[in-house]
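The values are calculated or read from the model by the stated rules, or taken from the named source; none is laboratory data. Given the structure is predicted, the values throughout are model-derived calculations rather than measurements. Cβ placement follows ideal geometry from the backbone for every residue including glycine, while neighbour counts extend to all protein chains displayed. Heads up: the accessible areas ignore ligands, DNA and RNA and are worked out on the full protein's heavy atoms, side chains in. Shrake-Rupley method; radii C 1.70, N 1.55, O 1.52, S 1.80 Å.
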Amino acid sequence: MQRQRFLFAALGLLTLWRWALLPTLELAPDEVLAVFRVKHGEIGGFREMGPLVPLLAKLGMLIGGAGEFGARFFAPLLALAASLAVWRLMRGLFDVQIAGWAVVIVNVLPAFNLAAVTLTPATVMLALVPTAALCLRIALLHAHPLHWAWWAAAACVLGAVMTQPPAFGVMLAVTMVFALPERLRHHLHANGFLVIVGFWSAGVVCWLWSGSPWVWPEWRLWPNLFRWIVLASPLLLVLFVLAGRMAWDRASLLSQRSLPFAMLLPLAALDFLYGPNQRWPDMGGVAWMIFAAMILAHRGTVLGGIASEEKISLRTLALVLAALQSAFLLQTDLPRTLGLKWPFSRQTTASSDYVHFFTADPSKAMRGWRESAKLVSAALERVSPDGSWFVMASDWRLAVALDHYLGPNEPVKSVEDDLSRFKGRSAIFVTDDPAAIAPPEALLTRFERFEVLSVARVMHAGNEVRWLKIFACHD
């Protein structure tokens, strides 16, 4: 019991430490998108993310202000909720000792720590998915076909659709909880499971109604493998595979104790196919790592055939390496403070962030936006002291980031947006493409002439983050 009290105290201190880290990194475009939708009254809708993330961003900014701390306010709390759900689930399935180890493994995972200090769809999913699993466990313990836990699990699944649509992996994982063990398959025809299916279907209908496109998976072995190595740490990833292999043999024979394994399989498969589409710092579908940590905590505790000293040494080494890698991902300036040269990634595809991780820092998405906004603001004041000009960006990511860090100025528009209401006004066009020599052709046809206003390199810690080219588009 003493150890468990220490564990809960450590979780509280860890939450405070994560809160302290929130303002240390600028918001990435995928985080700013939630703030942008709040700012312009567009919380609903499913563009790039479901409405639940902007709603949490809005609540957080009401508490902590409009900066990085407020926008990410709920991220450490969601990580705490995920940890408590893991502890409660594993205590019910096994015992207190295994539950404690599961929580420790989860909280040293690099992916979990990065998600705990950023507000992305992955942050919310890391809390919703283990909570759904806990509710399923409670529902299975009660004979009532419509126990409150069924409705709570259904609400978690609906929340997943409203966070990361269409949450097909989550629904498949819930189905596997009942389909994998032979003793639980009758629940697939029961009212509780039908409630969950109904909630999920309602969320998917809303997503389809919004007109959001379907993204097809891509088979890219090396980007996926590198991504998992970066987000799980190499040694823990190997132990996850070994523990999963040992749990495979009896998965179909067990009933409720097979729940972590049943959740793991579909979530890991979907993340392997879709993960490289996610941009830094969004962790995508890494919720499977939570269930892999549960299985490792169980198998590592009960496994025989290995001496206790070797087991303790291996476990300690894995946890220490994962914790160090977590600290490294949260503060990627550490190599630079030691005098090591680690340039920022210049790649444009999401998967390359992980493939080139060991030679280039992918955190450029969270660097240099204040400096970029200052450059754009100076250019805007130079050509438009009366405020009659408006700002356009080459894509939505640049547009939402500049919109946030420019402050209360007029909204920054992307060239992909409808510009009809700006008829008759001049504009400045901003791009981060170093090869651009003019605004795009589709934009040039709307203006009489253009000129180059500014070309600048945005730097951080002596390393280039991005090029900015600013054009004036007249008449």
Next on the checklist: Need the list of lysines near LYS341 for cross-linking: C-alpha distance under 30 angstrom, and skip anything on the same chain fewer than eight residues off.
Outcome noted: LYS364, LYS374, LYS469
Next on the checklist: Can you give me the C-alpha center-to-center distance between region 402-453 and region 67-123, rounded to a whole angstrom?
Outcome noted: 41
Next on the checklist: Given R₀ = 51 Å, what would the calculated FRET efficiency be for GLU309 paired with ALA435, taking r from the Cβ atoms and rounding to 0.05?
Outcome noted: 0.30
Checklist entry - From the Cα gyration tensor of region 134-188, with a ≥ b ≥ c the square roots of its eigenvalues, which class applies: rounded if a/c is under 1.5, or else prolate if a/b is larger than b/c, or else oblate? => result oblate
Checklist outcome for this item: Straight-line reach check, LYS58, cutoff 17 Å on alpha carbons, 8 or more apart in-chain or any other chain, hits among lysines -> LYS39
Item to check | Folded to 0 to 90 degrees: helix 288-302 orientation relative to the chain principal axis, Cα | outcome: 30
Checklist entry - With every protein chain left in place, what is the accessible area of THR316 in Å² (1.4 Å probe, nearest 10)? => result 70
Checklist entry - In region 327-416, what trypsin sites (Lys or Arg not before Pro) fall in a loop by DSSP, with at most 16 other Cβ atoms inside 10 Å? => result LYS341, ARG346
Checklist entry - What is the calculated FRET efficiency for ARG421 to SER201, with r their C-beta to C-beta distance and R₀ = 35 Å, to the nearest 0.05? => result 0.40
Checklist outcome for this item: With the charge dipole of the chain built from beta-carbon charges (+1 for Lys and Arg, -1 for Asp and Glu) about the Cα centre, the Cα from TYR354, TYR405, VAL124 projecting farthest to the positive end belongs to VAL124
Checklist entry - Roughly how big is region 359-430's charge dipole about its Cα centre, with Cβ charges of +1 (Lys, Arg) and -1 (Asp, Glu), in debye to the nearest 20? => result 100
Checklist entry - Counting only the heavy atoms of the protein chains, how much of MET162 is accessible to a 1.4 Å probe, in Å² to the nearest 10? => result 40
Next on the checklist: Test of understanding: given the chain, find the longest segment containing no chymotrypsin sites (Phe, Trp or Tyr not before Pro) that are in a DSSP loop and have at most 11 other Cβ atoms within 10 Å.
Outcome noted: 1-213
Next on the checklist: Need one word for region 155-290: rounded, prolate or oblate. Basis is the Cα gyration tensor (sqrt eigenvalues a ≥ b ≥ c); a/c below 1.5 gives rounded, then a/b vs b/c decides.
Outcome noted: oblate
Checklist entry - Against the longest principal axis of the chain, how steep is helix 234-248, in degrees 0 to 90 to the nearest 10, with axes from Cα atoms? => result 40
Checklist entry - So what's the angle, to the nearest 10 degrees on a 0 to 90 scale, between helix 191-209 and the longest Cα principal axis of the chain? => result 10
Checklist entry - What do you reckon, how do ARG421, ARG47, ARG37 stack up by accessible area (1.4 Å probe), largest on top? => result ARG421, ARG47, ARG37
Checklist entry - For the charge dipole of the chain, defined by +1 on Lys and Arg C-beta atoms and -1 on Asp and Glu C-beta atoms about the Cα centroid, which residue among GLY50, TRP389, LEU194 has the Cα displaced farthest towards the positive pole? => result LEU194
Item to check | Sum of -39500 (n - 2.57) over DSSP H runs of 4+, divided by residues of the chain (222 nm, nearest 500) | outcome: -18000 deg cm²/dmol
Checklist entry - Given charges of +1 on the Cβ of Lys and Arg and -1 on the Cβ of Asp and Glu, with all other atoms neutral, how large is the dipole of region 333-475 about its Cα centre, in debye to the nearest 20? => result 320
Item to check | Mean shadow area of region 330-475, taken as a quarter of the surface of its Cα convex hull (nm²) | outcome: 9.4
Checklist entry - Counting Lys and Arg as +1 and Asp and Glu as -1, what is the net charge of the other residues whose Cβ lies under 12 Å from the Cβ of ILE43? => result +3
Checklist entry - So what does HIS186 come to for accessible area, using a 1.4 Å probe and Å² rounded to 10? => result 110
Item to check | Sequence of ILE312, ILE295 from largest to smallest accessible area, 1.4 Å probe | outcome: ILE312, ILE295
Checklist entry - How about region 8-84: which GluC sites (Glu not before Pro) there are in a DSSP loop, with at most 15 other Cβ atoms within 10 Å of their Cβ? => result GLU42
Checklist entry - If R0 is 60 Å, what FRET efficiency do you get for TRP17 and ARG449 from their C-beta distance, rounded to 0.05? => result 0.65
Checklist entry - How much length, in nm to one decimal, is gained on full extension between THR316 and ILE63, taken as 0.36 nm per residue of separation minus their Cα-Cα distance? => result 87.2 nm
Item to check | Fraction of accessible area attributable to carbon and sulfur, the chain (%, probe 1.4 Å) | outcome: 64
Checklist outcome for this item: With +1 on the Cβ of every Lys and Arg and -1 on the Cβ of every Asp and Glu, the dipole magnitude of the chain about its Cα centre, in debye rounded to the nearest 20, is 1160
Item to check | Reachable lysines from LYS423, criterion Cα separation under 21 angstrom, eight or more residues apart if same chain | outcome: LYS413
Checklist entry - Between HIS144 and VAL215, what length comes free when the chain is fully extended (0.36 nm per residue of separation minus the Cα-Cα distance, one decimal in nm)? => result 21.7 nm
